[in-house]
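Below is one structure, written out as structure tokens; the observations come after it.
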Amino acid sequence: MAAPQLSQTELLDDRELVDRLRKGDEQAFDELYERYFKRITHFVGRRIDNRADAEETVQEVFFNVFASIDSYRGDAPFVAWIFGLTRHTIANRFKRKRHPTVPIHEEESETVADHPAAPANVPTPAQVYDVTERAIQLEVALAERLSNDQRALFVLHHLEDRPIAEIATRLGKSEDSIKSSLYRTRKLLLSA
């Protein structure tokens, strides 16, 4: 399925918004989010049946847009770049869901227990240090930058893996309100 076509004015607006975003203009990201949210949601929803997974993927797409905006070179329209990023994000979600399997052949009398375990990916000391430092930065950001409501939303959705619909019902808010709050919370944590 081809990405939706944009008018010349929208293409120019996208370039301007990308330039503003690169300069740290948060409103530019909000405008890009509003412009593409419905299209990305529809695109992801057609590929991922589980609504909670689809919602999470959409949020991950926009997280990836924010985190990798500097990689957009402008060779192609922004709409093509964001849909390419969306396809890549979806593909990565499917890769993560795969579980290792052991082939079992009828002629083999060995059991699964007879096979040695696959070597584990052991992080280097530098990787452990980087992850530890980032975790400390995030803990500080969680404690100092987020309100109690933002912290609660983050914990419910990202740590307890609660779907947005359930959180909205529990807190008596709309799903869009929850999504918006989670988006702002992730932006605060990214800037930490």
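The values are calculated or read from the model by the stated rules, or taken from the named source; none is laboratory data. Everything quoted here is computed from the prediction, not taken from an experiment. Cβ: placed from backbone, ideal geometry, glycine included. Neighbour counts: every protein chain shown.
Observations, loosely collected:
- Set side by side, the residues LEU85, LEU159 differ, and just one is under 22 Å from ALA52 (Cβ atoms) and either among the basic types (Lys, Arg) or modelled with pLDDT under 85 (or both), which is LEU159.
- Verdict on VAL61 being at pLDDT 90 or above, among the aliphatic types (A, V, I, L, M) and assigned to a helix (DSSP H, G or I): yes
- Cβ-Cβ under 7 Å pairs, at least 6 apart or on other chains, segment 66-91 side assigned by TED's automatic domain parsing to the domain that holds GLY24, far side in a loop (DSSP other than H, G, I, E, B) and among the hydrophobic types (A, V, I, L, M, F, W, C): PRO77/LEU6; VAL79/ALA3; VAL79/LEU6; ALA80/ALA3; PHE83/ALA3; ILE90/ILE48
- Single residue of segment 168-186 satisfying the filter (closer than 15 Å to VAL58 by Cβ and charged (D, E, K, R)) that is surrounded by the fewest Cβ atoms within 10 Å (Cβ to Cβ): ASP176
- The single condition among (1) farther than 14 Å from VAL18 by Cβ; (2) more than 10 Å from the chain's Cα centre (by Cα); (3) acidic (Asp, Glu) that ASP70 does not satisfy is (1).
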